[in-house]
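I have placed the structure first, in the form of structure tokens, so that the comments after it can refer back to it.
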Amino acid sequence: MEMGHSRTITKIKSIWRKLESKTFRDVFAAETTSNTLASQLYVFRTQRGMTQADLADLAGMRQSRISNLEQDCHNVTLTTLRRLASALDVALLVKFVPFSELLDESTRQNLDKKILSFHEDSPKFNSMPVGFFSSTSASASNIATRAVTASTGASHSTQLPQLSLGTNEVRYGKNLH
């Protein structure tokens, strides 16, 4: 076994033992989330060749706010994260996970991995086999319908595109939500 790998395993086991304390779990989760968001914000911005001022302009914020967020994301709102995701042209995923997943994520070094914008990522999506998303097509369709409704301000009776990801088709029909 490689020496660096052995140290990582020892560190993970040590953190796992500390996670038995509820106070430690709360602090660990908050710090990991804050540090990850701050690091991602910096990396995504610099990967795109943007200055803090560029990102601030696209997100409708001050440059000083971007600077602060790249250092500490403890008190950031979902609204702010959505604005930043839109400005960076990436998706925002917020989810609850078990501590084992948080620990695994916090010990991985993914900051050198480029996070693609929508247009850079599109060829990957288009190469997925037909039916790849069929198990999630109903929920994806519901989410897409809500997104179209939100972005267009459409009422419930408006004709909205209905997505069927399993067959790569878009149909127009009434939004039944």
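The values are calculated or read from the model by the stated rules, or taken from the named source; none is laboratory data. Quick caveat, the model's predicted, so the values are computed rather than measured. Counting neighbours? That spans all protein chains shown, and the Cβs are built from the backbone with ideal geometry, glycine included.
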Looking at the structure I just gave you, is residue 17 touching a residue at least 24 places away in the same chain (Cβ under 8 Å) and in a helix (DSSP H, G or I)? no
So which pairs qualify, if the first residue must be in the range 54-72 and touching a residue at least 12 places away in the same chain (Cβ under 8 Å), the second must be aliphatic (A, V, I, L, M) and in a loop (DSSP other than H, G, I, E, B), the Cβ gap must be under 7 Å, and the two must be at least 6 apart or on different chains? 69/76
Could you pull out every one of the helices (runs of 4 or more DSSP H) wholly within the range 33-133 that has 1 or more residues that are modelled with pLDDT under 90 and acidic (Asp, Glu)? 99-107, 118-126
